[in-house]
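As structure tokens, the structure follows; a few thoughts come after it.
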Amino acid sequence: MTLIKSISGIRGTIGGNTGENLTPIDAVKFAASYGTWLKNYSNKEKLTVVIGRDARLSGEMIQNLVVSTLVGLGIDVIDLDLSTTPTVEIAVPLEKADGGIILTASHNPKQWNALKLLNEKGEFLNAEEGAKILALAEKEDFDFAEVDDLGQVVKNDSYIDIHIDEVLNLALVNAEKIKPKKFKVVVDGVNSTGGIAIPKLLEELGVEVVKLYCEPTGHFPHNPEPLKEHLGDICKKVVEEKADFGIVVDPDVDRLAFISNDGEMFGEEYTLVACADYVLSKTKGNTVSNLSSSRALRDITEKHGGTYEAAAVGEVNVVTKMKAINAIIGGEGNGGIIYPESHYGRDSLVGTALFLMLLAERGVTVAELRESYPSYFMSKKKIQLTPELDVDALLVAMHDKYKNEDVSTIDGVKIDFPENWVHLRKSNTEPIIRIYTEAKSQKEADQLADQIIAEIKEIAGL
């Protein structure tokens, strides 16, 4: 059982001992730290925070604890109840709130939950802000409100519909171009809130929906991370239903994966590639993804005359880089689409609408669309290290070994070779080095990863 405190929030498993798991006491302490931070850095007499949750089994319990803690601090709460991460993100500025908390452990299994923290823009906190909240949690120096000054709770369950309207109103989304195509789509909502939001959006776009695991019970029918090895049911269902494609989201609906009409994975890395292809065909501009994402986005961006840049891994880092270069679309290779015309957060509803617009315009099958993109293959491996080894020194040694190549050190060490790349990152929570590679065949990607692992082990004397 685990409790992980980081700048982006607190994440852990339900049950067990205080300080070692996400217990009720830990949830209260962290909610109080966030609320106290807001009060310390705001000039307003009365603050408001938006709260929403995915459908996991512990969600209602954690929600009650967090809401009551904020009320106890004198903070008003807008309670969206069952929602999605991007829905909470758009609700914060629309409500002119001072922050937001999303109760979700994203793609983690059902025993996990988390508090993910937003600023007044509906964006994730930066490192400095997160560090201040962690420090407040350590001190436990909280000043709760007296009885006449307690916060108030307003329940608002309309925000998924508001979110869908926001998507439909985007300049590059035109339902009247999608409806005549009469698409048929299978949706795997992993029995969480994506099973509410995605079918509603599709129906507004005139799409016939076949629902698979769309009841928000919190009983995940498979591992909720949308990877190929977990998605056998929907791959089979797409073929059986003769559907145009399938849509898979994670429990909080910020990661988006497609299944092609032939029942094969479109590829999480190519979700962003396809959406960017559509946006760039309409609007000239730049793109951003993280260092561990596919080179295919760079290829598509340059094809449309734009510039691609890579950011450190982590949504907040991608957003920061996107703002710096005024990127018109960006995201992460795990199926996360960030489209600033909507908001600066990964959003599967926006991604779904952009993808449907692309299909409607191209008039090709999803399998044919995938074939039209540069073909790259990734390998994701790791090395288990003994705690006494200096991981930073190992990364420096690998940098020095390949210093004549195109090397980035903004997040670990990434080495760009002419035909492939390797990205080495140390874990923040365990003594391992993650090794991501990409090449033009799976065999080459795996061989490059094995070569780098052997070199690291040689340097480390393993």
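Read the figures in this text as sums done on the coordinates, not as results from a lab. Small disclaimer: the values here were computed from a predicted structure and weren't measured. Heads up, the Cβs are rebuilt from the backbone with ideal geometry, glycines too, and the neighbour counts pull from every protein chain shown.
Assorted remarks:
- Ordering R295, R434 by the number of other Cβ atoms within 10 Å of each residue's own Cβ, fewest first, gives R434, R295.
- Cross-link reach list, aspartates and glutamates versus K440, counting only Cα pairs under 18 Å and skipping chain neighbours closer than eight places: E268, E269, D299, E371, D416, E419, D450
- Dipole magnitude (debye, nearest 20) for the chain, charges at Cβ of Lys, Arg, Asp, Glu: 720 debye
- Total lysine pairs in the stretch 119-228 at Cα distances under 26 Å, for residues eight or more apart or on different chains: 18.
- Using the Cβ-Cβ distance between K382 and E215 with R0 set to 25 Å, the FRET efficiency from 1/(1 + (r/R0)^6) comes to roughly 0.10.
- The chain, relative contact order in percent, only Cα pairs under 8 angstrom and at least six apart counted: 12 percent
- Global size of the stretch 220-293: 13.9, 41 Å for Rg and Dmax (C-alpha atoms, Rg to one decimal, Dmax whole).
- Proxy reagent accessibility, fewest Cβ within 10 Å first, across Y41, Y339, Y376: Y41, Y376, Y339
- Percent of C-alpha pairs per 5 Å bin, the stretch 249-392, short to long: 2, 10, 20, 23, 20, 11, 6, 4, 2, 1, 0, 0
- Hydrodynamic radius of the stretch 125-280 per Kirkwood, over alpha carbon pairs, in Å: 18.2 Å
- Computed magnitude of the charge dipole of the stretch 163-371 (debye, nearest 20; Cβ of K, R +1, Cβ of D, E -1): 500 debye
- Check: the stretch 3-157 dipole with +1 on Lys, Arg Cβ and -1 on Asp, Glu Cβ, in debye: 460 debye
- Across the stretch 396-440, counting alpha-carbon atoms alone, Rg and Dmax equal 10.8, 32 Å.
- Ranking L94, G130, I178 by Cα position along the charge dipole of the chain, where only Lys, Arg, Asp and Glu carry charges on their C-beta atoms, puts I178 farthest toward the positive end.
- Applying Stokes-Einstein at 25 °C and 0.890 mPa s to the Kirkwood radius of the chain, computed over alpha-carbon pairs, gives a translational diffusion coefficient of 107 µm² s⁻¹.
- Per-q log10 I(q)/I(0), the stretch 377-460, q = 0.17, 0.22, 0.24 Å⁻¹ (Debye; single scatterer per alpha-carbon; no solvent): -0.62, -1.05, -1.23
- As a size descriptor, the averaged projected area of the C-alpha convex hull of the stretch 3-157 was calculated at 8.2 nm².
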